[in-house]
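Following: one structure in structure tokens, then a few remarks.
What follows draws every value from the coordinates through simple rules; no lab data is involved. All figures in this text were calculated on a predicted structure; none of them were measured in a lab. Using ideal geometry, Cβ is built from the backbone for each residue, glycine included, and neighbour counts are taken over all protein chains shown.
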Amino acid sequence: MNEYGFPLASTTHDIYLLRVWYEFDGPRPVWRASVLLPNDPRRRYFSEPDALLHFLGRHFQESSTDAIT
């Protein structure tokens, strides 16, 4: 704990690059996103927020399991 009673920050961390934008499909805007994961050169693209959240949830779950073992 630090002097304010908060847990000390972990010395390990990961950085994710997440981009969210709108494109136009004719007159209507369409939601888009891409994400770059740590230590992985592949950019992943998403056309629905739920698909992005599902992917990130799975990734975080796998990452936390790997960190424990």
Estimate the FRET efficiency between L8 and D50 by the formula 1/(1 + (r/R0)^6), using the beta-carbon distance for r and 35 Å for R0, to the nearest 0.05. 0.50
Tell me the net charge near W31. Cut-off is 10 Å between Cβ atoms, W31 excluded, with +1 for each Lys or Arg and -1 for each Asp or Glu. -1
How large is log10 I(q)/I(0) at q = 0.15, 0.31 Å⁻¹ when the Debye formula is applied to the Cα atoms of the stretch 17-68, each weighted equally and without solvent? -0.48, -1.20
